[in-house]
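First up is the structure itself, then whatever we jot down about it.
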Amino acid sequence: MDLSLARERGLGRLVARHSLGWLVAANVVGLWLAALLVWPDLAAGVAPLTYGRWIPLHLDWMLYGWCALPVVGVLLAWSLDNGHPLALGHARMALGLWSLALALGGVAWLGGVTSGKLFLEWHGWARPLLPVAMLALWTVLGAHAWWRWPHLNVGERSLRGVLLGALLPVPPLLYWASGRAVYPAVNPDSGGATGAALLGSTLGIVTIFGLLPLLLGLKPRRRSRWFWPLLAVSWLAYGLTSHAATSHHDAGQIAGLALLILWIPGLIVYWQCQEWPEPTRSWLTAAQVWWALLVLSGWVMFLPGVSERMKFTNGLVAHSHLAMAGLMTSVGGLMLAQLTGHGIKRRWFLAWQLGCGLQIAALTLLGWNEGLDPAASYRGDAWPVLLLEVRLGAGALMTLASINWLVVFCRP
């Protein structure tokens, strides 16, 4: 479906409604969790819905809701057959099933039905919910690719075939990985992610970001033929890196992960080679800044000495906020701006970025000091409480910004 048709027929608004609806919901839960850390006695009023029962809603609604659904919307806009009378209805069904899975998942997690594994909490009766929604989406994408097939050139057929082939194993893999028997929620034999694992996951993100201009239908401003060969070489380097349970003291792991530093300018230059429309440019600038901070800080946190001090502290929470609330939110806003054609008021854009930066700074400082004095938060010392209060205020600012975005992006 052409992007102008996606806007005209309301697909962009539909995607924004689902995506930002889950962002607001995840933020509200996150605000409640931040308040519980400042005032723990609040939990008594909602027992037995403890902090541990609320946390999967915040994490999974953010990942599978806000971070995932703009990508789903781009795939739908790129794939749907312009001439099919039920194209928008098919998109509405796919998005509706996805949101239903997230809502029912929230019911399960609040009820204590969870695998206990971070971001893989799907368990019991809720375990097949998201995989089924993913299969429904794949069916819609595949059916529209079939209907459009005679009208596509060789390159378009190849790209669609590769994407559909890559997406098909995801639902069964998610179902499999959620099982408690696959690997323990807390592995006593693991010291954390290896450099190779972090390199592979980040190169996967680079690959998705490389495809994004193609899926959004952007026109190149200048040639960027170097991008895909360089990415292929990077994947080759990943394949040659040791994938054993290697310590972060290993020079090969440190050097392999350092390869990502080359992708700070690499991805930014590639993005700058594209012709981005005006509503997306603020989001693009923010995404580039967060990308640079994410990669550089991730490598520094892997280094010996730093890793031991930040591991199992709020420093890792700060890093996850940098990835999801910083980078992925900016990329998500970029996609919605392209799908809807809407920009947002600068003050609410800056409100989110400021709130996000304050959260990351407070959590990083909290984590760094926790490495020296882990018991400070439990004793109720003044400085951890102050940092948690800063985090709460920043979260409130971000929640208000997300509510504004929901209103703006969903308007006709």
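Taking helices (runs of 4 or more DSSP H) as the structural unit, those lying wholly within the stretch 1-94 and holding at least 1 residues that are touching a Pro at 6+ places or on another chain (Cβ under 7 Å) correspond to 11-38. Just for the stretch 196-223: of the residues that are hydroxyl-bearing (Ser, Thr, Tyr) and surrounded by fewer than 18 Cβ atoms within 10 Å (Cβ to Cβ), which one is modelled with the highest pLDDT? Among residues in the stretch 196-223 that are hydroxyl-bearing (Ser, Thr, Tyr) and surrounded by fewer than 18 Cβ atoms within 10 Å (Cβ to Cβ), the one modelled with the highest pLDDT is 207. Criterion applied to 341, 395 was being out of contact with any Cys (no Cβ under 6 Å at 6 or more places or on another chain) and either within 16 Å of residue 317 (Cβ to Cβ) or in the same structural domain as residue 70 (by TED's automatic domain parsing) (or both), and the one residue passing it is 395.
So for the stretch 328-337 (the condition being buried (at least 16 other Cβ atoms within 10 Å of the Cβ) and in contact with a Cys (Cβ under 6 Å, 6 or more places away or on another chain)), does at least one residue qualify? Yes, there is a match, as at least one residue in the stretch 328-337 is buried (at least 16 other Cβ atoms within 10 Å of the Cβ) and in contact with a Cys (Cβ under 6 Å, 6 or more places away or on another chain).
None of 171, 150 is surrounded by 13 or more Cβ atoms within 10 Å (Cβ to Cβ) and either at pLDDT 95 or above or under 22 Å from residue 90 (Cβ atoms) (or both) except 171.
Matching residues to (1) part of a helix (DSSP H, G or I); (2) not small (Gly, Ala, Ser):
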position: 282; (1), (2): yes, no
position: 287; (1), (2): yes, no
position: 296; (1), (2): yes, yes
position: 312; (1), (2): no, yes
position: 317; (1), (2): yes, yes
position: 324; (1), (2): yes, yes
position: 329; (1), (2): yes, yes
position: 353; (1), (2): yes, yes
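Considering 365, 350, the condition of being surrounded by 15 or more Cβ atoms within 10 Å (Cβ to Cβ) and among the aliphatic types (A, V, I, L, M) is satisfied by 365 alone. Note on the stretch 103-157: residues that are over 23 Å from the mean Cα position of the chain (by Cα), assigned to a loop (DSSP other than H, G, I, E, B) and within 27 Å of residue 22 (Cα to Cα) total 3. Within the stretch 82-126, the set of residues being within 19 Å of residue 13 (Cα to Cα) and in contact with an Asp or Glu (Cβ under 8 Å, 6 or more places away or on another chain) comprises 82, 87. Counting the residues of the stretch 269-287 that are touching a helix residue (DSSP H, G or I) at 6+ places or on another chain (Cβ under 6 Å) and either surrounded by fewer than 17 Cβ atoms within 10 Å (Cβ to Cβ) or hydroxyl-bearing (Ser, Thr, Tyr) (or both) gives 3. For the stretch 109-128, which positions are buried (at least 20 other Cβ atoms within 10 Å of the Cβ) and of a type in the set (A, V, I, L, M, F, W, C)? Residues satisfying the conditions are 109, 120, 122, 126. Here the condition is being closer than 24 Å to residue 17 by Cα and either in the same structural domain as residue 405 (by TED's automatic domain parsing) or not basic (Lys, Arg) (or both); of 348, 368, it holds for 348 alone. Just checking, does the stretch 93-104 include any residue being among the hydroxyl-bearing types (Ser, Thr, Tyr), modelled with pLDDT of 95 or more, crowded, with 22+ Cβ neighbours inside 10 Å and in the same structural domain as residue 12 (by TED's automatic domain parsing)? Checked the stretch 93-104: no residue is among the hydroxyl-bearing types (Ser, Thr, Tyr), modelled with pLDDT of 95 or more, crowded, with 22+ Cβ neighbours inside 10 Å and in the same structural domain as residue 12 (by TED's automatic domain parsing).
The values are calculated or read from the model by the stated rules, or taken from the named source; none is laboratory data. Model, not experiment: these values are computed from the prediction. Positions of Cβ are generated from backbone atoms using ideal geometry, with glycine treated the same way; all protein chains shown enter the neighbour counts.
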